[in-house]
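Rule-based calculations on the coordinates, nothing more; no lab input. Remember, predicted model here, so these are calculated numbers, not experimental data. When we count neighbours, we look across all protein chains shown, and the Cβ atoms used for this are built from the backbone with ideal geometry, even at glycine.
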């Protein structure tokens, strides 16, 4: 029987650690493809070529699928389950496969966050794939960003927890293709409950506020 250490070593040897740069480059290319396809009015022959190329790319990846529990923090479950859960102060490193902040997830928009020991601050630019009303970010995408923004703030404080409730107040339109400022902080902790707050702003004006109540459990610590 293999030990958890041996499984983690096998995960690293299989590319969990060593191929992140190449994966990030492929992810960036796919993001560019998604953005271009979202706004393209191309002739049929171009779209057919895009379809063929995308189909070929998917076929190249298919034999390399990793089986197992899907997690934001690792491709191989053994890395997270054997290591005691996420920790650190860089959200992109804590959750590299996050659909919001993950550099190894093609669904994640360009978001950069920094933890200063008290608060998370950063920037984001959400393009056409995230559109809701005309030239505005979709309200559901804003809620998703808040869920991860507040959750990673908790993890950076060593308080990883499940989302219990998330409230979002949309104060003004959040524009597409514009630099947005993100900020989040822990308001208070009451027993197992962590109360966390954040804002999304554009040019210094708050466009949306998020407030969450997060519940700490033994399982929550494994993946935020």
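For the listed peptides 107-117, 204-214, a ranking on the average number of other beta carbons within 10 Å per residue, highest first, reads 204-214, 107-117.
A Förster distance of 22 Å, applied to the separation of the beta-carbon atoms of residue 32 and residue 69, puts the FRET efficiency at 0.15. For the peptides 171-182, 19-30, residues were scored by their other Cβ atoms within 10 Å and the scores averaged per peptide; the highest-first order is 171-182, 19-30. Length gained on full extension, residue 135 to residue 177: 14.3 nm, using 0.36 nm per residue less the C-alpha separation. Extension gain for the segment residue 211 to residue 119, taken as residue separation times 0.36 nm less the Cα-Cα distance, is 31.7 nm to one decimal. Among 197, 152, sorting on how many other beta-carbon atoms sit within 10 Å of each Cβ, with the fewest leading, yields 197, 152.
A protection proxy built from the mean count of other Cβ atoms within 10 Å ranks the segments 39-48, 125-134, most packed first, as 125-134, 39-48.
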